[in-house]
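Structure first, commentary second.
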Amino acid sequence: MTSPAGDRDPAHTPVRPVRVLLCDDHAVVRAGLLALLSSAHGIEVIGEAGDGEEAVALAAALRPDVVLMDLQLGSGIDGIEATRRIAGLPEREAEGAAERDDEREAGGADRRDVEREAGRADRRDVEREAGRADGRDVERDAAGRGATGRGAAGRGATGRGAPHVLVLTTYDTDADINRAIEAGATGYLLKAERPEELFSAIRAAAAGRSTLSAPVAHRVLAQMRSPRPGLTDRELDILGQLARGLSNREIARALFISEATVKTHLGRIYDKLGVDTRAGAVSVAKEQRLLP
């Protein structure tokens, strides 16, 4: 038997779905994700972006709960930079709710009511009443009644922080993982995950909880147990010249250092990257996105 409206069980009150923004530069991938997420209970896709700039703009305008972010986005900013910008979006007050409050308050009293009320009190009554309340009382009363637009906005604003970014990518290198987390990503998921894992990760991200794919978590733990020192700025400069195919002598001339210094830095680069050849250093550097 259907319960009366007044006897509804709070436990069965509809819960607002997790609002998701998709960002991937491949239209086919976005279409697949849209179809997949449409089958998930409690998840709603509210927008799609094909590049980083569009993702940032839509995140600011739509304020989704979660942005599902790819790392490689073709031209323009990549997923890391887009994540950094989205995570840095300022908290936005609920302007829409405040505007609706203002309209509702304005609609409750028409112009004739206002004129009639104004006609009942002469100027002496107004001055007498004003004299009974100091400035603090006036401000308190105005805030309580929401008499002005600013008062209504303050009452209705609940605040909404920056959307949570959940990285969804095929890349699981240490460099990608570290950069994404440092940029503010809430979670890091690989596209090889099962749909149920993706749904769970989205719900977790919406609640501010971190989720990592098993291989990603393994790499993070490995880094914590035996951290590998990062490359210095000078070593990155030399690595960049190495990627251009320059010899030690040419690198020394380009950077205004001696060949001996170049050799010393190369030895340190090899140790840090776990390689023993120039080609190996360049290959690992590209894999870890250490090169511009």
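Any idea which of LEU21, LEU37, LEU71 is open to solvent by less than 50 Å² (accessible area, probe 1.4 Å), under 20 Å from the mean Cα position of the chain (by Cα) and at pLDDT below 95?
Matching residue, one of LEU21, LEU37, LEU71: LEU71.
Checking ARG16 against (1) part of a loop (DSSP other than H, G, I, E, B); (2) at pLDDT 95 or above, which test does it fail?
Of (1) part of a loop (DSSP other than H, G, I, E, B); (2) at pLDDT 95 or above, only one is false for ARG16: (2).
For the subset of region 47-68 comprising residues that are in contact (Cβ under 8 Å) with a residue 40 or more places away in the chain and surrounded by fewer than 19 Cβ atoms within 10 Å (Cβ to Cβ), which member is farthest from HIS164 (Cα to Cα)?
LEU62
Consider only pairs whose beta carbons are under 6 Å apart and that are at least six residues apart or on different chains; among these, list those whose first residue lies in region 191-219 and is closer than 22 Å to HIS26 by Cα and whose second residue is part of a helix (DSSP H, G or I) and open to solvent by 50 Å² or more (accessible area, probe 1.4 Å).
Note: pairs meeting the criteria are PRO195/LEU36.
Quick check, is ALA260 open to solvent by 60 Å² or more (accessible area, probe 1.4 Å) and either under 19 Å from ASP70 (Cα atoms) or free of Cβ contacts under 8 Å to residues at least 40 places away in the same chain (or both)?
yes
What's the total number of residues in region 198-222 that are surrounded by 14 or more Cβ atoms within 10 Å (Cβ to Cβ), of a type in the set (D, E, K, R) and outside any helix (DSSP H, G or I)?
Count: 0.
Could you grab me the full set of residues in region 179-197 that are part of a helix (DSSP H, G or I), of a type outside the set (Gly, Ala, Ser) and crowded, with 17+ Cβ neighbours inside 10 Å?
The answer is ARG179, ILE181.
Can you tell me which of (1) at pLDDT 95 or above; (2) open to solvent by less than 40 Å² (accessible area, probe 1.4 Å) is the one ALA98 doesn't meet?
(1)
Those residues that are of a type outside the set (A, V, I, L, M) and in contact with a Phe, Trp or Tyr (Cβ under 9 Å, 6 or more places away or on another chain), I need them from region 45-94; list them, please.
Of everything in region 45-94, just one residue is of a type outside the set (A, V, I, L, M) and in contact with a Phe, Trp or Tyr (Cβ under 9 Å, 6 or more places away or on another chain), namely GLN72.
Would you check which residues across region 265-281 are open to solvent by 70 Å² or more (accessible area, probe 1.4 Å) and within 15 Å of LEU231 (Cα to Cα) and list them?
ARG268, ASP271
For region 218-231, check the following and say yes or no: at least one residue is in contact with a Lys or Arg (Cβ under 9 Å, 6 or more places away or on another chain) and small (Gly, Ala, Ser).
Yes, region 218-231 contains a residue that is in contact with a Lys or Arg (Cβ under 9 Å, 6 or more places away or on another chain) and small (Gly, Ala, Ser).
The values are calculated or read from the model by the stated rules, or taken from the named source; none is laboratory data. No experiment lies behind these values; they were computed from the predicted model shown. Virtual Cβ from ideal backbone geometry, glycine too; neighbours counted across all protein chains shown. The accessibility values were calculated without ligands, DNA or RNA, using every heavy atom of the protein model including side chains. Shrake-Rupley method; radii C 1.70, N 1.55, O 1.52, S 1.80 Å.
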